[in-house]
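Visitor: I have a structure I would like to understand better, so I am pasting it below and will then ask my questions one at a time.
The values are calculated or read from the model by the stated rules, or taken from the named source; none is laboratory data. Nothing here was measured: the structure is a model prediction, and the numbers come from that model. Backbone-built Cβ (ideal geometry, glycine too); neighbour counts: all protein chains shown. With ligands, DNA and RNA removed, areas are computed over all heavy atoms of the protein, side chains included. Shrake-Rupley method; radii C 1.70, N 1.55, O 1.52, S 1.80 Å.
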Amino acid sequence: MMAAALEPEMEGELPPIRGRVQADAPLAPFTWFRAGGHAEHLVRPADAADLAVLLRALPSTTPVQVIGATSNLIIRDGGLPGVTIRLARGFSSIAAEPDGVIAGAAALDLTVAETAAAAGLTGLEFLSGIPGTIGGAVAMNAGAYGGEMAHVLAWAECVTRDGERRRLSSTDLAFGYRHANVPPGSVITRVRLSAKPGATPVIAAKMAEIRAAREASQPIRARTGGSTFRNPDGMKAWELIDAAGCRGLTLGGAAVSDKHTNFLINTGSATAADIEALGEEVRRRVKAATGVVLEWEIRRIGVPAGVREASDAR
């Protein structure tokens, strides 16, 4: 159950929208870790216009969080106060064009890659190796297997915290390593990704190679959250973690993967606190062994169990 209450001016009904609203909604079933607390209000807007109505009507003091596939996210056990937005069917369309793809923010990265491949478009194969949604991939400039969003994004549409609908260019987003300069409080709704015509058999072979490499090196069938820490300049996080003796390290129901040490796993009974605490212990041991301070790549949001005020430790 949520410990925190909505701001006084938000008590009672949320602004009327066409989408779905659920109070005290469990979020653990959505997360890849299968851990974490409840959303005070979980809202699934019908479309971008519906989202704009919601954000425009919400008091500026109301906490708002956006979640997607939650493949790279820890939601703390005390949950998320205020409004949690989850983009769903109205944001999942994908359309191939002669030189690119337009995709809703809720479209899965893999599905976008497959749509491009079916249309004979190359340049987006790397997305098949990234779990999550397109909106999240833009927000964190996701990349893998030689590609990243900064290389292919033409534009991204968003709804700002005050309900304005805007289109942002790649320059506007000022991409950095695992970062995009999305306006604070804004929600990405749709993007255009550039691609070019290619040979379908070659595209399919590259995607099969990515799939095989991912299955061979990552614990993709475990309850995990993807890469836990950013790679420091010129170094690999997993090598530093291994060198610090953290392979297989456990805390409560959480463990460092034996297969890939930059992945944390819920072995079945882990709380979000177990997973986050294990990550902090890994950071402590890596610093003690190597002098390197690892930075979290996984986003950690919400309220620790028993704490009333939310914090965002991105």
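Visitor: Within region 232-250, which residues are without any contact (Cβ under 8 Å) to a residue 40 or more places away in the chain and either in a strand (DSSP E or B) or open to solvent by less than 60 Å² (accessible area, probe 1.4 Å) (or both)? Walk me through how you get there before you give the answer.
Guide: Of the residues in region 232-250, the ones without any contact (Cβ under 8 Å) to a residue 40 or more places away in the chain are 233-234, 236, 238-239, 242, 247-250.
Within region 232-250, Asp242, Gly248, Leu249, Thr250 qualify.
Visitor: Only residues that are open to solvent by 50 Å² or more (accessible area, probe 1.4 Å) and touching a Leu at 6+ places or on another chain (Cβ under 8 Å): list them for region 214-231, please.
Guide: Arg230
Visitor: Can you pull out the residues in region 113-158 that are of a type in the set (A, V, I, L, M), closer than 23 Å to Arg86 by Cα, open to solvent by less than 20 Å² (accessible area, probe 1.4 Å) and assigned to a helix (DSSP H, G or I)?
Guide: Ala113, Leu127, Ile134, Ala137, Val138, Met149
Visitor: Please go through region 52-82 and pick out each residue that is open to solvent by 40 Å² or more (accessible area, probe 1.4 Å) and either touching a Cys at 6+ places or on another chain (Cβ under 9 Å) or outside any strand (DSSP E or B) (or both).
Guide: Within region 52-82, Val53, Arg56, Ala57, Ser60, Thr61, Pro63, Asp77 qualify.
Visitor: Could you count how many residues in region 173-192 are over 17 Å from the mean Cα position of the chain (by Cα) and loosely packed, with under 15 Cβ neighbours inside 10 Å?
Guide: 1
Visitor: Going residue by residue through region 122-129, is there one that turns out to be free of Cβ contacts under 8 Å to residues at least 60 places away in the same chain and aliphatic (A, V, I, L, M)? Reasoning before the result, please.
Guide: We begin by selecting, within region 122-129, every residue free of Cβ contacts under 8 Å to residues at least 60 places away in the same chain; these are 127.
Now narrow it down to the ones that are aliphatic (A, V, I, L, M): 127.
Yes; the residues of region 122-129 include at least one that is free of Cβ contacts under 8 Å to residues at least 60 places away in the same chain and aliphatic (A, V, I, L, M).
Visitor: Checking the structure you have, find out if any residue of region 20-35 is touching an Asp or Glu at 6+ places or on another chain (Cβ under 6 Å), at pLDDT below 95 and open to solvent by 60 Å² or more (accessible area, probe 1.4 Å).
Guide: Taking region 20-35 as the starting set, the residues that turn out to be touching an Asp or Glu at 6+ places or on another chain (Cβ under 6 Å) are none.
Within region 20-35, none of the residues are touching an Asp or Glu at 6+ places or on another chain (Cβ under 6 Å), at pLDDT below 95 and open to solvent by 60 Å² or more (accessible area, probe 1.4 Å).
Visitor: Report, by residue number, each residue of region 251-264 that is buried (at least 16 other Cβ atoms within 10 Å of the Cβ) and within 23 Å of Leu80 (Cβ to Cβ).
Guide: Within region 251-264, Gly253, Ala254, Leu264 meet the criteria.
Visitor: Next up: Search region 134-148 for residues that are in contact (Cβ under 8 Å) with a residue 24 or more places away in the chain and pair each with any residue that is open to solvent by 40 Å² or more (accessible area, probe 1.4 Å) and among the acidic types (Asp, Glu) when their beta-carbon atoms are under 8 Å apart and the residues are at least 6 apart or on different chains.
Guide: So the pair list comes out as Asn141/Glu148; Ala142/Glu148.
Visitor: Any idea which residue in region 87-112 is nearest to Ala46 (Cα to Cα), counting only those that are in contact with a helix residue (DSSP H, G or I) (Cβ under 7 Å, 6 or more places away or on another chain) and open to solvent by 10 Å² or more (accessible area, probe 1.4 Å)?
Guide: So the first thing to find is which residues in region 87-112 are in contact with a helix residue (DSSP H, G or I) (Cβ under 7 Å, 6 or more places away or on another chain), and the list is 87, 94, 96, 101, 103-107, 109-110, 112.
From what's left, open to solvent by 10 Å² or more (accessible area, probe 1.4 Å): 87, 94, 96, 106, 110.
On the way: Leu87: 8, Ile94: 16, Ala96: 23, Ala106: 12, Leu110: 23 Å.
Only one residue fits best here, namely Leu87.
Visitor: Could you list, in sequence order, the residues of region 230-252 that are over 27 Å from Thr133 (Cα atoms), modelled with pLDDT of 95 or more and not aliphatic (A, V, I, L, M)?
Guide: Selection gives Glu239, Asp242, Gly245, Cys246, Arg247, Gly248, Thr250, Gly252.
Visitor: Only one of (1) at pLDDT 95 or above; (2) closer than 21 Å to Ala69 by Cα fails for Ser227. Which number is that?
Guide: (1)
Visitor: Quick one: is Pro81 under 21 Å from Met140 (Cβ atoms) and more than 17 Å from the chain's Cα centre (by Cα)?
Guide: Values: under 21 Å from Met140 (Cβ atoms): no; more than 17 Å from the chain's Cα centre (by Cα): yes.
The answer is no for Pro81.
Visitor: Now for a separate question. Say whether the condition of being buried (at least 20 other Cβ atoms within 10 Å of the Cβ) and either of a type in the set (Asp, Glu) or under 13 Å from Arg230 (Cα atoms) (or both) is met by at least one residue in region 265-273.
Guide: no
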